[in-house]
Structure formats: C-alpha cells, structure tokens
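The values are calculated or read from the model by the stated rules, or taken from the named source; none is laboratory data. Model, not experiment: these values are computed from the prediction. Please note: Cβ atoms are built from the backbone with ideal geometry, for glycine as well, and neighbour counts cover all protein chains shown.
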Amino acid sequence: DTEVTQTPKHLVMGMTNKKSLKCEQHMGHRAMYWYKQKAKKPPELMFVYSYEKLSINESVPSRFSPECPNSSLLNLHLHALQPEDSALYLCASSQTSGRGYEQYFGPGTRLTVT
Amino acid sequence: AQSVSQHNHHVILSEAASLELGCNYSYGGTVNLFWYVQYPGQHLQLLLKYFSGDPLVKGIKGFEAEFIKSKFSFNLRKPSVQWSDTAEYFCAVGGGSQGNLIFGKGTKLSVKP
C-alpha cells in the first residue's frame with residue numbers, strides 16, 4: 001500500500017472559521033510533509049515532521065498550525081485564513097526525512113477561503 | 001541555495017513524437033533528483049528518481065532521464081508520447097538534511113491525438 005489519503009477533498013471556509021485538514025498514511029513512514037500548491041505553480045514546502053517532531057517550518061504564518069498526533073497521522077489546523085490562502089494543500093510522506101527517500105503524495109485538499 | 005529550472009513552460013506534441021523536457025538544478029552537495037507527473041485532476045506521482053549509480057534512469061510508463069553532473073542537468077525523455085501523457089511534469093531536487101524537495105515550475109505537456 002503506497003497510499004497517502006487526505007480529507008476533505010474540498011473545503012470552503014470563511015475568514016473567521018476554524019477548520020482542519022487531515023492526512024494519513026499506513027506505510028510505516030516516519031517523515032510527513034505539508035505543501036501548498038497554487039494554480040499553475042509548483043508545490044511549496046510548508047512543514048516537515050520527522051518522527052512526530054516538527055523539523056522544518058518554512059516561515060509559514062501562525063494561522064496555519066500543524067500537528068502530528070502519531071506516526072501515521074498529520075493534521076493542519078486552519079484559523080483566520082485569508083483569501084490568498086486558497087490553494088491545493090498536499091500531504092506527503094517518506095520512509096524517513098533526509099536524502100535518498102522518495103516522497104509519496106496524497107491527492108490534496110482544495111481549499112477556498114471566502 | 002538549491003534551485004531547479006525547467007526551461008519549457010508548455011510543450012505541444014503530436015502522438016508518437018519524441019519528448020525531451022529540460023531540467024537544471026543548482027546545488028553544491030550531493031543531490032537526489034526526481035521527476036513527478038501530475039495528470040489532470042490527479043495527485044503527484046513519481047515517474048523516476050536518481051540517487052546514485054547509473055546516470056541513465058528508467059521510470060514508469062516508458063520514461064527515462066539522464067543525470068549529467070557536469071551540466072547540472074536531469075532531462076526527461078520518452079521516445080514516443082501518447083495522448084495519455086498529457087500532464088504537468090515537475091522536476092525536483094532533494095538535497096537538504098530533512099529531505100525537503102525543491103520543485104521546478106513545471107512543464108505542461110499537451111499531446112495531440
């Protein structure tokens with residue numbers, strides 16, 4: 001099983017809402033990633049978790065709050081987002097972080113902030 | 001700092017034509033190189049990867065890529081494209097200690113039937 005699942009597929013939220021994105025993998029991977037992809041642009045790294053600890057935060061605004069409750073699950077909590085945060089949010093996982101390991105991507109959550 | 005350049009923004013080919021998509025990277029250390037594909041409405045899928053060894057790498061669906069260290073290049077090739085190859089293709093380099101990927105801007109491939 002090389003699947004990374006993400007829920008929900010689509011999310012529409014207002015600027016005052018609080019919502020969460022969920023990502024799950026059952027490949028035994030110990031590194032998980034959040035990327036943001038705007039239309040017609042490449043994915044941009046937001047966060048890296050390695051062994052359930054946050055190891056990279058690419059200067060992401062605090063209105064995005066990641067959480068890794070266990071090695072299979074990764075959440076992204078959203079609060080007070082702006083319309084420019086509308087994008088496809090991709091989750092990925094790899095065996096571990098570091099060089100030499102390919103990342104497997106989920107289908108993404110398409111987020112629209114109104 | 002790492003960077004990845006994909007020279008072609010949009011490539012249009014007829015079926016059975018040969019394909020070569022350019023990718024150049026900038027990184028001072030040991031790199032791992034990847035090509036990912038994103039079919040319309042689908043998630044990113046790994047086409048092929050280079051970590052070490054034979055610089056000619058074969059991937060899925062008949063794609064291959066050649067790592068040329070002296071040119072900092074990792075071009076993607078396919079001898080004969082099909083309509084089903086229509087997609088966005090991303091070159092990526094992974095060189096950081098945390099395995100984070102840096103993606104190129106992508107090349108949109110449109111194959112005419």
### Query
Pairs, please: C-beta under 7 Å, at least 6 apart or cross-chain, first residue touching a residue at least 12 places away in the same chain (Cβ under 8 Å) and at the interface with chain A (Cβ under 9 Å from one of its Cβ atoms) and in segment B:21-49, second among the basic types (Lys, Arg) and in a loop (DSSP other than H, G, I, E, B)?
B:Thr30/A:Arg99; B:Asn32/A:Arg99
### Qualifying positions in segment A:1-37 - in contact with a helix residue (DSSP H, G or I) (Cβ under 9 Å, 6 or more places away or on another chain) and part of a loop (DSSP other than H, G, I, E, B)
A:Met15
#### Entry: Every residue from segment A:23-58 that is touching a residue at least 40 places away in the same chain (Cβ under 8 Å) and in contact with a Leu (Cβ under 7 Å, 6 or more places away or on another chain)
A:Cys23, A:Glu24, A:Met32, A:Tyr33, A:Trp34, A:Tyr35, A:Gln37, A:Pro43
### Message
Residues to consider are B:Leu47, B:Leu21, B:Leu109; find the one that is within 17 Å of A:Lys40 (Cβ to Cβ) and in contact with a helix residue (DSSP H, G or I) (Cβ under 7 Å, 6 or more places away or on another chain).
### Response
B:Leu109
### Residues that are of a type in the set (D, E, K, R) and facing another protein chain (nearest Cβ under 10 Å), drawn from segment A:63-114
A:Arg99, A:Glu102
### Task
State the number of residues belonging to segment A:61-110 that are farther than 24 Å from A:His29 by Cβ and not in a loop (DSSP other than H, G, I, E, B).
4
### Message
With the structure loaded, tell me whether B:Tyr89 is within 25 Å of A:Lys41 (Cβ to Cβ), buried (at least 17 other Cβ atoms within 10 Å of the Cβ), within 14 Å of another protein chain (Cβ to nearest Cβ) and of a type in the set (Phe, Trp, Tyr) or whether it fails that test.
### Response
yes
### Task
Specify which of the listed residues (B:Gly28, B:Gly53, B:Gly41) is within 21 Å of A:Gln37 (Cβ to Cβ), exposed (fewer than 12 other Cβ atoms within 10 Å of the Cβ) and out of contact with any Phe, Trp or Tyr (no Cβ under 7 Å at 6 or more places or on another chain).
B:Gly41
### Task
Return yes or no: is B:Val111 part of a loop (DSSP other than H, G, I, E, B), under 16 Å from B:Leu19 (Cα atoms) and either modelled with pLDDT under 95 or not acidic (Asp, Glu) (or both)?
no
